[in-house]
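Colleague: Before we start, here is the structure in question, set down as structure tokens.
The values are calculated or read from the model by the stated rules, or taken from the named source; none is laboratory data. Predicted model only: the values in this text are computed from it and were never measured. With ideal geometry, Cβ positions are generated from the backbone for all residues, glycine too; neighbour counts draw on all protein chains shown. Each accessible area value is taken on the protein alone, full model and side chains, heavy atoms only, with ligands, DNA and RNA left out. Shrake-Rupley method; radii C 1.70, N 1.55, O 1.52, S 1.80 Å.
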Amino acid sequence: MKVLYASSSVGLGHITRDYHISNFIKSKIYWLTSGNALKFIKDKKENYVEISDNLNNLGYYIGSMIKNCKVKINLFNSYKLYKAVKNNANLIKSYVNFDDYDLIIADEFWEFMFIDIPKERSVFITDFTKVSYSTKSYFERFIIPKLNNGLRDRIKRKFTLAINLSIWDNDNEFLNLGPSFTSNFNNSINSKDNYILINIGGTNAGIAIAEKLKEKLEEKYNVKIIGSDKYFNSNPSDLIRNAEIIISLSGYGNIIESNVLKKKTIFVYIDNHFEQIENAKIMMNRKGFRVYSCKDVLKINILHEIENLKKEKIQPLEIKDSAIKVSEIINSFLNKDK
């Protein structure tokens, strides 16, 4: 049995949770992705579809929409992203034979919105069911509702099942299973070393903030950075597990890792980034955590804030891993014709 697992190239939260889920799937998996997600798969020495090497890294185009720590969507950068997705879709159509696979899994792999795939053996995974917006921009008010309706319609038409792994979002048209871990933390020994870890995830959006924070923090602490192209690490679990304090962008994987490992964390969100804002909201007013926009985190006394965090008793979210449930559903798809 063969599975084509297409994982979003935006950040590392998708590929890390997908890789974790894949450990429970009873089939041979071939990965389809690009950018740092592909680098992660190569470092794990996993099978991947060769056309992945030629696909646009969509994380780059999303990153180009972030200026001065704020998402700024306009017609120009939206069109560039659209063209990148379409180009990827055309390459995949030309080089991938979907009949070679018993099941297709797509984790926010938007290229499949432009490709005819076998619906009867296709599953879609996401951690949001709609894009929210600030209502300040006419472009956002006009485009995003149309985008939401269009995506939901295409997901219905192209996939037999849509699974929602969101931390904060529920939708009756999706199978809502809750978040999947990004690693197997159950058997981990959670220790604490005397360093601050700045985790900026899989895109380049947080490099400038991370390096400015490091300059401030190095007056007193040992500081390490992971994430982005510059600080890429395909196996960051030990660094996260052993950090005393974490400063992290509010990505999906970062939220889960800090809570599961019970790490005191300063979460930083990019302004106008709907997913990071929604993720950050659920961490507000919890002991052992702080939440700031990335433009505001540089204005605070970060050394004082860390000393205060050290004194607090942490109150993490109780998160259960949905990976086994997801894999059970996938395995049932693979075995339904036996």
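Colleague: Return the residue satisfying two criteria in turn: it lies in the stretch 248-259 and is crowded, with 24+ Cβ neighbours inside 10 Å and either in contact (Cβ under 8 Å) with a residue 60 or more places away in the chain or over 17 Å from the mean Cα position of the chain (by Cα) (or both), and of such residues it is nearest to Arg17 (Cα to Cα).
Modeller: Here the answer is Gly253.
Colleague: Another question, if that's okay. If I ask for residues that are part of a loop (DSSP other than H, G, I, E, B) and open to solvent by 40 Å² or more (accessible area, probe 1.4 Å), which ones from the stretch 318-338 would you list? Quick ask: steps written out before the conclusion?
Modeller: Keep residues of the stretch 318-338 that are part of a loop (DSSP other than H, G, I, E, B), which gives 318-322, 336-338.
Those that are part of a loop (DSSP other than H, G, I, E, B) and open to solvent by 40 Å² or more (accessible area, probe 1.4 Å): Glu318, Lys320, Asp321, Lys336, Asp337, Lys338.
Colleague: Look through Leu197, Leu213 and report the one residue that is in a helix (DSSP H, G or I) and closer than 25 Å to Val260 by Cα.
Modeller: On the way: Leu197 fails: in a helix (DSSP H, G or I).
The conditions single out Leu213.
Colleague: Does Glu278 fit the bill of being open to solvent by 10 Å² or more (accessible area, probe 1.4 Å), under 20 Å from Asn36 (Cα atoms), in a helix (DSSP H, G or I) and of a type outside the set (A, V, I, L, M)?
Modeller: Values: open to solvent by 10 Å² or more (accessible area, probe 1.4 Å): yes; under 20 Å from Asn36 (Cα atoms): no; in a helix (DSSP H, G or I): yes; of a type outside the set (A, V, I, L, M): yes.
No, not satisfied.
Colleague: Another question, then. Go through (1) open to solvent by 10 Å² or more (accessible area, probe 1.4 Å); (2) among the β-branched types (Val, Ile, Thr); (3) touching a Lys or Arg at 6+ places or on another chain (Cβ under 8 Å) and name the single condition Ile198 misses.
Modeller: (1)
Colleague: Applying the selection to the stretch 1-15, what residues are in a helix (DSSP H, G or I) and modelled with pLDDT of 95 or more?
Modeller: Selection gives His14, Ile15.
Colleague: If you check Lys156 against the conditions, is it of a type in the set (Lys, Arg), closer than 30 Å to Tyr48 by Cβ, touching a Ser or Thr at 6+ places or on another chain (Cβ under 8 Å) and modelled with pLDDT of 90 or more? Steps first, please.
Modeller: Values: of a type in the set (Lys, Arg): yes; closer than 30 Å to Tyr48 by Cβ: yes; touching a Ser or Thr at 6+ places or on another chain (Cβ under 8 Å): no; modelled with pLDDT of 90 or more: yes.
So Lys156 fails the test.
Colleague: Search the stretch 217-255 for residues being closer than 26 Å to Glu307 by Cβ and part of a helix (DSSP H, G or I), and hand back the single one that is modelled with the lowest pLDDT.
Modeller: Asp238
Colleague: Now for a different question. Look at the stretch 37-67 and say how many of its residues are among the charged types (D, E, K, R) and either closer than 21 Å to Phe112 by Cα or surrounded by 18 or more Cβ atoms within 10 Å (Cβ to Cβ) (or both).
Modeller: 3
Colleague: Here's something else I'd like to know. Just a yes or no: is a residue in the stretch 239-246 open to solvent by 20 Å² or more (accessible area, probe 1.4 Å) and within 18 Å of Gly11 (Cβ to Cβ)?
Modeller: Here is the first cut: in the stretch 239-246, the ones open to solvent by 20 Å² or more (accessible area, probe 1.4 Å) are 239, 241-242, 244.
Cutting the leftovers down to within 18 Å of Gly11 (Cβ to Cβ) gives us 239.
Checked the stretch 239-246: at least one residue is open to solvent by 20 Å² or more (accessible area, probe 1.4 Å) and within 18 Å of Gly11 (Cβ to Cβ).
Colleague: When the residues of the stretch 23-36 are narrowed to those that are outside any loop (DSSP other than H, G, I, E, B) and open to solvent by less than 20 Å² (accessible area, probe 1.4 Å), which ends up nearest to Ser228 (Cα to Cα)? Please lay out each step first, then the result.
Modeller: Of the stretch 23-36, the ones outside any loop (DSSP other than H, G, I, E, B) are 28-32, 35-36.
Still in the running and open to solvent by less than 20 Å² (accessible area, probe 1.4 Å): 29, 31-32, 36.
On the way: Ile29: 26, Trp31: 21, Leu32: 20, Asn36: 8 Å.
Restricting to residues being outside any loop (DSSP other than H, G, I, E, B) and open to solvent by less than 20 Å² (accessible area, probe 1.4 Å), the top hit is Asn36.
Colleague: While we're here: So how many residues does the stretch 282-295 have that are open to solvent by 10 Å² or more (accessible area, probe 1.4 Å), more than 24 Å from Asp193 (Cα to Cα) and either in a loop (DSSP other than H, G, I, E, B) or modelled with pLDDT under 95 (or both)?
Modeller: 4
Colleague: Would you tally the residues in the stretch 105-129 being free of Cβ contacts under 8 Å to residues at least 40 places away in the same chain and buried (at least 20 other Cβ atoms within 10 Å of the Cβ)?
Modeller: The qualifying residues number 2.
Colleague: Within the stretch 13-22, is even one residue small (Gly, Ala, Ser), out of contact with any Cys (no Cβ under 7 Å at 6 or more places or on another chain) and more than 19 Å from Phe181 (Cβ to Cβ)? Outline the logic, then answer.
Modeller: So the first thing to find is which residues in the stretch 13-22 are small (Gly, Ala, Ser), and the list is 13, 22.
Within this subset, residues satisfying the condition of being out of contact with any Cys (no Cβ under 7 Å at 6 or more places or on another chain) are 13, 22.
Pick out the ones that are also more than 19 Å from Phe181 (Cβ to Cβ) and you get none.
There is no residue in the stretch 13-22 that is small (Gly, Ala, Ser), out of contact with any Cys (no Cβ under 7 Å at 6 or more places or on another chain) and more than 19 Å from Phe181 (Cβ to Cβ).
Colleague: Considering only residues that are within 25 Å of the chain's Cα centre (by Cα) and aromatic (Phe, Trp, Tyr), look in the stretch 75-100 and name the one that is surrounded by the most Cβ atoms within 10 Å (Cβ to Cβ).
Modeller: Tyr82
Colleague: Inspect the stretch 59-75 for any residue being aromatic (Phe, Trp, Tyr), modelled with pLDDT of 95 or more and not in a loop (DSSP other than H, G, I, E, B) and give the result as yes or no.
Modeller: no
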